[in-house]
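S.K.: Structure in structure tokens, see below.
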Amino acid sequence: MFRSNNLTARIFERQIRTPSPGTTIHRARRFYENIVPGSTIYDVECPDHSFRKFTEDGKYLISFSRNHQDLIVYRPTWLTFSCKQEDCYAQDLPPKAKKFESFFTQIYSVPLASASELICKDFFLYAESNQFGLFATSTAQIYDAPATGGAIQGVPSIEKITFHLLRLEDGVVLDERVFCNDYINLAHSMGVFLYDDLLAIVSLRYQHIHILQIRDSGTLVDVRAIGDFCREDDQLFLNSSSQGMSSIEKSVSQHIPVNNVANGPHLEQVPQENPFLSGIKQRLLSFIVREIRNEEEDETMRIQSLKKKFYFHFQDYVDLIIWKVQFLDRHHLLIKFGSVDGAVSRNADNHPAFFAVYNMESTEIIAFYQMSSDKLYLLFEQFCDHFHVASKNSPYMNFISSHSNNIHALEQLRSSKNKATSFSLFVKKVMASLPFNCQSQSPSPYFDQSLFRFDEKLISAADRHRQSTDHPIKFILRRPPHTLKFKIKPGPEAGITDCRTRRISSFLFHPILPLALSVQQSLFLQPAFVNIHFRK
């Protein structure tokens, strides 16, 4: 640990002292206590784009055109300008330096969406090992689409959803994957999860989990589809069985006389509904039965327990659909189940939900929890980092603060738990965030709660919009002397003049440099206020 807060003293101390084993990165991050984005350029001149985020390695800034047709990629560059004064740091920046182009260089602009499609501005996933970017375009939703071909009744339909895999270095589209007349939740990447080179895409409308692999060549390859079938040969087995049954029915029908009606209407055979439950649903129900049976040793008590806990709720279990999925590792998925109404609702927190851990190799459900499960909450409290699964190619993503690796975050969680009027409601509120959205947190060291203290109601590492405020957001040193290090103020420097207009703010922090963007915009598609926060 450093003995001085002076930057020069810290550099000398780093030269003569060896850090304890396993603390090298933590000690290096302490330098960010001295290197902060304390200067601000308000309402900077910049293109009227929708800025999405920095990539996890900080090499690219992703943005989209306002008409949601083009992808524009920038490369962050540090501010350079000449100064003829003696004390350059005390002087104001020259006008040429107060432009967006002084900090970012446009690499290219690529049209992604066709005439009928729009880019989903909330969707972007980054494969750092190959510097590939995954983007999505889609047509408009059809809310009252009929449930045909095995679709779930009540789930909207989108005529065309296209995933584009780009090489961010030069903007070349390497591969595309199209889903027709389907529904995938693209908002904040909720329906898609990327882990290393594996991609999980959840089809809400047809209840399939598509597992794809991103090859080094830039192609998307199908690995498996989980839903109706769990193993690769399940469909082959059922088809061979159905062919055997159809041959028996044909031989029986040859011995039954048929009365033909001349010039009568042509009657088409109505296709029958599939009488079988999906493969993943059968795995789930069988696991629930086994768990309930194992709770009791007496056979009579087993039967009573099954009646009360399983058969009474059988239809509720059958009606469950897959809401969301995330990888826990390369072989296990955390699957969230719930009702159809909850899947399409804007606020799914009020709907009951269940969590299941699924092994893709053995095709077995190995754990099942209710949303209010105390056991699951204890696992979440102690091993939260296992739910924030990070790619092995992003070591700095492992330093995002959570209550399982940061004592200050743990104290906040326990304080909220102690203030809660009902522990069950508190558990439901915390568990509602699972599974986490993929790449939804910023790895910026300024969100490290062991370094800085800030109001998480106004700003946090989570990637989401927040209600804008006229007051600057303070970042205070966590360690003594607990001084104010810098402020982040979105919007114009003088504040908002029209208090009736509701405004929201988003914050884009560079993962390495002392550089951040604050974007404040209204809900009426007015030009946004973009501020650049940097170290001068």
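The values are calculated or read from the model by the stated rules, or taken from the named source; none is laboratory data. Note that the coordinates shown come from a computational prediction; the quantities given were computed from them, not determined experimentally. Backbone-built Cβ (ideal geometry, glycine too); neighbour counts: all protein chains shown. Surface accessibility is based on the protein's heavy atoms, side chains included, excluding ligands, DNA and RNA. Shrake-Rupley method; radii C 1.70, N 1.55, O 1.52, S 1.80 Å.
S.K.: So for each of 355-362, 13-20, 442-449 I average, over its residues, the number of other beta carbons within 10 Å; can you give me the resulting order with the highest mean first?
M.R.: Output ranking for 355-362, 13-20, 442-449: 442-449, 355-362, 13-20.
S.K.: Another question, then. Obtain the radius of gyration and the Kirkwood radius of the chain from its C-alpha atoms and give Rg over Rh.
M.R.: Dividing the radius of gyration by the Kirkwood radius yields 1.04.
S.K.: I would also like to ask the following. Grab the other residues whose beta carbon is less than 12 angstrom from that of Lys474, score K and R as +1, D and E as -1, and report the net.
M.R.: In short, +3.
S.K.: Further question on the same structure: When ranked by the protection proxy of mean other Cβ atoms within 10 Å per residue, highest first, what sequence do the peptides 207-213, 38-44, 322-328 form?
M.R.: Descending packing order for the listed peptides: 322-328, 207-213, 38-44.
S.K.: Give, as a single signed number, the net charge of other residues whose beta carbon lies under 10 Å from the beta carbon of Ser50, with Lys and Arg counted +1 and Asp and Glu -1. Before the final figure, lay out each step's value.
M.R.: On the way: positive: Arg52, Arg66, Lys121; negative: Asp48, Asp122.
Combined, the nearby Lys, Arg, Asp and Glu give +1.
S.K.: Assuming 0.36 nm per residue, please report the length gained on full extension of the stretch Ala9 to Phe312 beyond their Cα-Cα distance.
M.R.: 102.1 nm
S.K.: Test of understanding: what is the full-extension gain from Lys429 to Ser240, defined as 0.36 nm times their sequence separation minus their Cα-Cα distance?
M.R.: 63.3 nm
S.K.: In units of 2.2 N^0.38 Å, what is the alpha-carbon radius of gyration of the range 1-142?
M.R.: That works out to 1.44 for the range 1-142.
S.K.: Here is a follow-up. At what distance in nm do the modelled label points of Arg224 and Asp374 sit from each other, each positioned 7 Å from its Cα along Cα→Cβ?
M.R.: If labels sit at Arg224 and Asp374, their model points lie 3.5 nm apart.
S.K.: Might you tell me the accessible area per residue for the chain, computed with a 1.4 Å probe and given in Å²?
M.R.: For the chain, the per-residue accessible area is 54 Å².
S.K.: While we're here: Calculate what fraction, in whole %, of the accessible area of the chain sits on carbon and sulfur atoms when a 1.4 Å probe is rolled over the protein chains.
M.R.: Using a 1.4 Å probe with all protein chains present, the chain comes out at 52 percent carbon and sulfur.
S.K.: Please give the peptides 51-57, 178-184 ranked by average Cβ packing (other Cβ atoms within 10 Å per residue), highest first, as a rough proxy for protection.
M.R.: Values: 51-57: 20.7, 178-184: 17.9.
Ranking, from highest mean packing down: 51-57, 178-184.
S.K.: Measure nothing fancy, just the Cα-based angle from helix 234-253's long axis to the longest principal axis of the chain, in degrees from 0 to 90, nearest 10.
M.R.: The answer is roughly 20 degrees.
S.K.: As a test of the formula, what do you get for the chain when each DSSP H run with n ≥ 4 contributes -39,500 (n - 2.57) and the sum is divided by the residue count, at 222 nm and rounded to the nearest 500 deg cm²/dmol?
M.R.: -5500 deg cm²/dmol
S.K.: Roughly what angle does helix 407-419 make with the longest principal axis of the chain, taking Cα atoms, 0 to 90 degrees, to the nearest 10?
M.R.: 60
S.K.: Pairs to check: Lys53/Lys485; Lys121/Lys419; Lys59/Lys160; Lys160/Lys324; Lys429/Lys485; Lys84/Lys489. Give those whose C-alpha atoms are more than 28 Å from each other in this structure.
M.R.: Pairs exceeding 28 Å: Lys121/Lys419; Lys59/Lys160; Lys429/Lys485; Lys84/Lys489.
S.K.: Using Cα-only point scatterers and the Debye equation, what is log10 of I(q)/I(0) for the range 7-83 at each q in 0.17, 0.26 Å⁻¹, rounded to two decimals?
M.R.: Computed log10 I(q)/I(0) values: -0.91, -1.26.
S.K.: Quick one: if the Förster radius is 51 Å, what FRET efficiency do Gln282 and Arg453 give, using the C-beta to C-beta distance and rounding to 0.05?
M.R.: 0.55
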